[in-house]
Amino acid sequence: MALATYSDLKTSIANYLARSDLTTQIPDFITLAENRLRRELRTRKMLKLVSATMTANDNTLSLPADFLALRDVHLATTPARPLNFQTPSIFFRNARVTDTGVPVDYTILDAEFQFAPIPDTNYATRMLYYAAPTYLSDANTTNVFISNYPDALLYAALGEAEPYLMNDERLGTWAALYQRAIDSITTSDDQDEYSAVPLTMTLARR
């Protein structure tokens, strides 16, 4: 059968498990599977580009609610000014955290960016990041995972089901199929992203 919607996925899980009495539990298996994919999968299909504004004299900016991981952030000036990431310890030791001016460096603490120097005026920024898809539900029947990676989602959900069913001998099967799907997705995504880009060598400079 097709595996394109939340309803399809629930039906497939019940069929694979040969169980018709898990109506209440299967949505939990799917949510746990989505949590796993949120942690382990990073593909172009999950990228989102958004704009935000730094406020003068405020060195923080909230991360988007669906933020998973950052790909790029820069000031939307002409030309664009890239911002340099620093780990929190280096940021607070080396960055000009008490100076005011055009932001150059940033770090991420909890659910917000911190910039240095402190913005001396408002600055438009653009952020490219991996976004967490909205969870599947009866009200939200599709998302990036089921539309593009239904096999990984199915195998992850089946892997979550077996401990509940005390059927541990099947865990290895679903784990192997899930890992095969993830490896295939990652390889395909890398090939698609760089297939038209000629390989070049860049020499490091001191």
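Numbers for the structure displayed
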{"quantity": "At least 15 Å along the helix axis (C-alpha) and Kyte average at least -0.5, DSSP helices within the chain", "calculated": "6-17, 150-164"}
{"quantity": "At 1.002 mPa s and 20 °C, Stokes diffusion of the chain via Kirkwood alpha-carbon radius, µm² per second", "calculated": "108"}
{"quantity": "Packing-based ranking, highest mean first, of 11-20, 72-81 given that Cβ atoms within 10 Å are counted", "calculated": "11-20, 72-81"}
{"quantity": "Cα→Cβ-extended label distance, 7 Å offset, between Leu32 and Thr121, nm", "calculated": "5.5"}
{"quantity": "Largest-first principal axis extents of the Cα set of the stretch 103-190 (Å)", "calculated": "60, 29, 28"}
{"quantity": "Only Lys, Arg (+1) and Asp, Glu (-1) charged, at Cβ; the chain dipole about Cα centre in debye", "calculated": "700"}
{"quantity": "Contact order normalised by residue count of the chain, Cα under 8 Å, 6+ apart, percent", "calculated": "27"}
{"quantity": "Length released on extending from Thr134 to Asp192, taking residue separation times 0.36 nm less the Cα-Cα span", "calculated": "18.4 nm"}
{"quantity": "FRET efficiency estimate (nearest 0.05) - Cβ-Cβ, Ser89 to Leu49, R0 41 angstrom", "calculated": "0.90"}
{"quantity": "Rounded Å value of the spacing that divides the Cα centres of the stretch 143-161 and the stretch 66-128", "calculated": "35"}
{"quantity": "Beta bridge orientation in the chain: antiparallel %, DSSP, nearest 5", "calculated": "85"}
{"quantity": "Cut-off 17 Å (backbone N to label point 7 Å along Cα→Cβ of Ala111), residues of the stretch 48-76", "calculated": "60-70"}
{"quantity": "About the Cα centre, charge dipole magnitude for the stretch 1-91 (Lys/Arg +1, Asp/Glu -1 at Cβ), debye", "calculated": "300"}
{"quantity": "Volume of the Cα convex hull of the stretch 1-64, divided per residue and given in Å³", "calculated": "144"}
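The numbers here are math on the coordinates, done by the rules we state, and not lab data. Every value quoted in this text rests on a predicted model; they were computed, and no experiment measured them. Every residue, glycine among them, receives a Cβ derived from its backbone with ideal geometry; neighbour counts consider all protein chains shown.
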